[in-house]
Structures are given as C-alpha cells and as structure tokens.
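Only the coordinates and a few stated rules stand behind these numbers; no lab work does. The structure displayed is predicted, hence computed values, not measured ones. With ideal geometry, Cβ positions are generated from the backbone for all residues, glycine too; neighbour counts draw on all protein chains shown.
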Amino acid sequence: MRGVHHRLTIETISPWQAGFEAWIEAGWNEGPSVTFFDTRYYANRERYRIGKTYGFVLAGLAYLVEVTRPAPILITDPEGFGRCGHSAVKP
C-alpha cells in the first residue's frame, strides 16, 4: 500500500499489546493532530521522542463504507475557519 509522506511531531505514544506496534498521536506545525497505528514501532521505538518531528508515510484502508445523509453544516462565520491540506479546520 502506498501512502503520503508527512513530517509530524509526536505528541503521545501508546504501545499496543506486546509493544511491537503502537498508537501514535502526532501533529503538523500549528495544525491538527492525527492518531495512527504504527506497525513498525518495534523498529523505531528507541528513536521516537515526544516533541520531536519525524517523517511518516500515512495510508488508510476502509474496512466499512456506508452512505450517510448528514445534516448540512451551516458556517455563519467564514473568517473563523482556516485550511490545512485538503481539510477545513477550526483554529
């Protein structure tokens, strides 16, 4: 599986079960955070440090896809929203 390369700063590390994999919460500079499952944590656990920035390749695989009919979101203050990548985020 191919992914997208990102430079992310680690915020938290939660090793999973035997410690070979981990949930990593990391963020972009002054942007949102993302939590992902690091399947190669065993190879990098000695290097990872909270607050340090590393290169990660993020990819996803949908295991459940559903059609939804969410209520429309009404933005009454367009100035209050910024853009980060391809997503709108509230600063």
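Taking trypsin sites (Lys or Arg not before Pro) that fall in a DSSP loop and have at most 13 other Cβ atoms within 10 Å as cut points, what is the longest piece of the chain between them? That gives 53-91 as the longest site-free run. The simple Förster model, with R0 at 30 Å and r as the Cβ-Cβ distance, assigns THR53 and TRP23 a FRET efficiency of 0.95. Computed over the Cα atoms of the chain, the ratio of the radius of gyration to the Kirkwood radius (Rg/Rh) comes to 1.05.
Candidates TRP23, ALA62, ALA43 compared by Cα position along the dipole of the chain: farthest toward the positive end lies ALA43, with charges placed on Cβ. Spin-label model, TYR42 to LEU74: label points 7 Å out along the Cα-to-beta-carbon direction sit 5.4 nm apart.
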